[in-house]
1. If you find the alpha carbon centre of the stretch 1-75 and of the stretch 134-188, how far apart are they in angstrom?
2. For the chain, set up a Gaussian network in which alpha carbons nearer than 10 Å are linked by springs, and say which option among T116, T60, T182 fluctuates the most.
3. For the chain, modelled as a Gaussian network with Cα springs under 10 Å, which listed residue fluctuates most, Q81, Q150, Q108?
4. Any chance you could give the angle, 0 to 90 degrees and rounded to 10, that helix 180-193 forms with the longest Cα principal axis of the chain?
5. Relative to the present Cα-Cα distance, how much length would full extension add between E93 and R175 at 0.36 nm per residue of separation?
6. So how tilted is helix 146-158 from the main axis of the chain? Cα-based, degrees 0 to 90, rounded to 10.
7. Write down the accessible area per residue of the chain in Å², having rolled a 1.4 Å probe over the full set of protein chains.
8. Excluding residues on the same chain fewer than 8 positions from K95, give the lysines whose Cα lies under 21 Å from its Cα.
Amino acid sequence: MTFRNGLASLLRPEDSVLVLIDHQPYQLANLNSHDPHMVVNNTTGLAKAAKVFAVPTILTTVVADRGGKLFPSITDVFPGQEVIDRTFVNTWEDKPTVDAVKATGRKQLIIAGLWTEVCVAMPAIQAAGEGWDVTVVTDASGGTSLEAHQVAIQRMIAAGVNMMTWLAVASEWQRDWARAETAEALNEAIGSHAYGSGIAYLWEQQLLNTPVPNPAG
């Protein structure tokens, strides 16, 4: 196995492309590995982070007429963007989706979707075998059971796929808080979607916006 390590192995926004797969009502109805609300929350946070860093984001559904449309909290991040609807279960066999990814010219492929053991594992394993640098965002994905999610992760790791959570992806894209052009917008996404970190950010904003008391009265 080739180990993924060193500075060059970290995610870079200029080399990243994000694919969000099948965050639809049908898939969410049988999501049992995670709190469904948190998966939607995390995926929305990931989408917002991608927009902050101008990371191309491909949105795709499977048979939307039966499975439903992508959740509005995700599509609202990219107003007017086409959602690619597929019949292939394996996204990486769907030519329009793969062509859209290839058109970006990026090689760091980041995937999140429902379900982990099916619609995430298949494209991740195929793309890794074709030479793509593949990362799966585990907390913006989910399976039909905890076992299914965990076994899929083990299977993908064995295939050379990298595993991360959405906040780790966003932090790796930011890398340096001195990058002011993205820091503030990223913190707004964190404030809305990152649990305790979000509360801490909102508290910091309150402090910054509150006049400092004069000890002399």
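The values are calculated or read from the model by the stated rules, or taken from the named source; none is laboratory data. Because the structure is a prediction, the values reported are computed rather than measured. A quick note on method: Cβ atoms are made from the backbone with ideal geometry, for glycine too, and the neighbour counts reach across all protein chains shown. To get the accessible areas, we keep the full protein, side chains included, count just its heavy atoms, and leave off ligands, DNA and RNA. Shrake-Rupley method; radii C 1.70, N 1.55, O 1.52, S 1.80 Å.
1. 9 Å
2. Largest GNM mean-square fluctuation: T182.
3. Top of the fluctuation ranking is Q81.
4. Between the helix axis and the principal axis of the chain, the angle is about 80 degrees.
5. 26.2 nm
6. 80 degrees
7. 50 Å²
8. K95 reaches K69, K107.
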